[in-house]
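Computed from the coordinates by the stated procedures, all read-outs in this text should not be read as laboratory data. Only a predicted model underlies this, so the values are computations on that prediction, with no experimental measurement involved. In this analysis, Cβ positions are derived from the backbone assuming ideal geometry, glycine residues included, and neighbour counts consider all displayed protein chains.
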Amino acid sequence: MNYPRLLAVPALMLATSPAFAHVDPEAHGSFAAGFTHPVFGLDHVLAMIAVGLWAALLGGRAIWGLPTAFVGSMVIGFVLSLTGLHIPFVEPVILASVVALGALVAIAARFSLPLSMALVGIFGFFHGHAHGGEIGGAGEFGYAAGFISATALLHAAGVLIGYGAKVGLGPETRRGEIATRFLGGVTALCGLALMAG
């Protein structure tokens, strides 16, 4: 297995500067402000790709079920944030989601689809609440369309990485699953590093 190549994606994500995490909606538009919020937030990126990786490992209805649960709950969290509802521990739960989702991929956890969807949905809710808290002067609908689109793309990236590992490394030897699980482990470690930082 080519571990250096597998480590390249998380290494690049860790090198992403957080300085670009908040785009001025007046200069770039509400959609761009919403789109860049998860894309340039390492905690969001890692968790959302991990959802896709786990969906790829589970296969079947999980391919659409897990991302749908995450995005749906994320929208609910966003709307409740806009109403001013205070939810405690939003940032710690988001960081915990990186560790937990990475660990679920690493151990190739195979829960029932409803339970798996419920787990990612809980995390999605907190990610959505965080998006709402950072809306600034952006328009609600454009901003929401932006972060929903970015989240869907990150989920799709995780699914494609998971399937790419199966195809590229050979499912008959289970090397593809091992590679995906390895990425899950790296994700969990990155989450722990973010917590420590």
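Any chance you could check the Cα centroid distance between the stretch 36-80 and the stretch 106-161 for me, in angstrom?
Spelled out, the Cα-based centre of one part sits 4 Å from the other.
Determine the equivalent ellipsoid of the stretch 42-196 by diagonalising the alpha-carbon gyration tensor, then write out the semi-axes as square roots of 5 times the eigenvalues, largest first, rounded to whole Å. Working shown, then result.
On the way: eigenvalues 152, 48, 34 Å².
That gives 28, 15, 13 Å for the three semi-axes.
May I ask you to sort LEU189, LEU183, LEU85, LEU46 by Cβ crowding, counting other Cβ atoms within 10 Å and putting the fewest first?
Values: LEU189 16, LEU183 24, LEU85 11, LEU46 27.
Least crowded to most crowded, the residues run LEU85, LEU189, LEU183, LEU46.
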